[in-house]
Structure formats: structure tokens, C-alpha cells
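Working notes, beginning with the structure itself.
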Amino acid sequence: MTNNDRPTKNERRQHAREVARQRADAEKRRKRRNKWFLQGGIGLGIVAIAAIIAIVVVNVNNAPAVSAAGPENMATGAIQFAAEDGKVTPVSTPAVSAKGSPSAIPTAGADGAVTVTEYVDWACPVCKQFEDAFSDQILDKVKSGEATLAIQPVSILDRAYPGSRYASRAANAAMCVADNEPEKFLDVQKQFFDNQPAEGTKGLTNAEIEDLVKAGGATSSEVAECVSTEQFKGWVTKSTKLVTEDEALAGTNGFGTPTVVVDGKRLDDLSTVVSAIDAAAK
């Protein structure tokens, strides 16, 4: 190459300027692309968030109604039974509001009858044993007018049915029946005790619970929906907490089921329930 073939100083300067201009243009185009992708990404993110919010709102609106209020016919926290024409008949009472609390379990029955209150967990094997041994005798006392009976469902044995909350769901079923078909309550309770799942299992599904409820004669669609949606889940928790924190109901090892109270006195020995009713009636 001769000196005449080499670019002049001015040509080299112009070339450098052109290269710089091209680089600047390329950088501007890169920034515009990044800006577009950023804005588009934010827009897509906003759309995605809006879609998620919409799905959550729809799911919340379509979710089953879980009530913190109590069922009807359990104003005291328990469903009560008294004699009517020689039959054991449920006592109608209003529901407790979501912000309310059950009134104290009465200690004086109608016409001076002895009050018997049972706190039971339908998942409790000892409750089943107690009912098998004494239910008929207690109900005879109610039929005769000697006693009134109050049964308060509680849930303390979810731990015995890992991962299924069976005890709570069974208590909800009890409240569903009390709320809608109280005259079937005792028959449904018998079905639950006769078909009680073993501790350490998953218990029963809601569909199986519904089958037991129907077998006990509570066949209304209202009861079925209440069971499937666990309508009284909030009340099961609230009422159980009130019971388990009541020092008057605690034994030497705390509260347990079944707990039986006769005319305001908790029985230390459940096998004495019939003699305790007879003594209180005198």
C-alpha cells in the first residue's frame, strides 16, 4: 500500500463519527425495545393479577356459607328434650347469634324435673359405651317426666383421626340435624355411635356422614347441604372452646367426654347416672 492509498486524517475522522452514530442509533433502538418489553410485561402482569383477583372473588362469592351463629334449638349450647304425651320431644329454642353466647345450661327442669346434661363427641368411644349402657334408662326417665335431657355436641377428638377433622365434622352434622330436624336427633346420634369409625383412621367422609344422617331419618335437603358445606364449623369451634374452658366441667385431668351433669352437679362416676337422677328427684 502506498501513502496515496491510505485514508486521510479527515476521512478517518468522518469514519469514526459514522461508527459512533451507528452505535448511538443501535443503542436507541435497544432502549426502545427494552422499554416496550418492560411496559408490555407490566401490562401482562397487571392483567394476570386482575385475573387472579377475579378468580379469588368468584371463589369467595361461591364458597359455602360457614356460620359463626349457632343452630336453632340449641340456645343453651345443647339440644334439650322433655316429656310430651309420654314421648321424648325436642324443645324448640332460637339460635344464638354470631356475636352471642349460649345461655347457661339450666339446672332446674320443667315442673321440677331433674336436669341431665351430656357433653358428647360423636367420635368418642367412651361416649358410645356410655350411650349403649345408659341411654335407654335415661330416656325412660325423660318419658316419665322425672328428668329432662340436654345433649351438647363438642369436638375434642380431631387428633384421633389424623388429617380429617372427623370429630368436628361429626359435631357439625349433629348441629345440622338439631337445626333442621331436631325430632330425628337421637336416632341420628345412635347411627353415629353404632357406626363409629376406629380411632387412628381418617374417620368418615362428608358423603358417608350424610348417609348416616339419612339412615337416622334426617333426609331433608337442608340437612344434606348443611353437612356438605359444614355450615356450623364456626359454631363447633366456638361452643367447644366455651365448654373446654369451663372449670366447672373439668375433672382431675381436665375436660373429657362424656361429661354428665345432673341437676348442676358433674358426675365423677358415670356409672352412677341413674342413681343420681333418682336421688335428685326425691
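The values are calculated or read from the model by the stated rules, or taken from the named source; none is laboratory data. Please read all numbers here as calculations on a predicted model, not as lab measurements. When we count neighbours, we look across all protein chains shown, and the Cβ atoms used for this are built from the backbone with ideal geometry, even at glycine. All accessible areas refer to the heavy atoms of the entire protein, side chains included, with ligands and DNA or RNA removed. Shrake-Rupley method; radii C 1.70, N 1.55, O 1.52, S 1.80 Å.
Put simply, when 128-137, 229-238 are sorted by average Cβ atoms within 10 angstrom per residue, most first, you get 229-238, 128-137.
Accessible surface of the stretch 143-282, 1.4 Å probe: 47 percent of it comes from carbon and sulfur atoms. For the pair Q14 and S97 in one chain, pulling the backbone fully straight at 0.36 nm per residue adds 21.1 nm over the alpha carbon distance. D269 sits with roughly 80 Å² accessible to a 1.4 Å probe, with DNA, RNA and ligands left out of the calculation.
On a per residue basis, the stretch 165-273 carries 45 Å² of accessible surface, using protein heavy atoms and a 1.4 Å probe. In this rough spin-label picture, where each label sits 7 Å from Cα along the Cβ direction, the E245-D278 distance is 4.0 nm. Distance between the pseudo-spin-label points of D140 and E199 (7 Å out from Cα toward the beta carbon): 3.1 nm. The modelled label-to-label distance between K87 and N206, using points 7 Å beyond Cα along the C-beta direction, is 3.3 nm.
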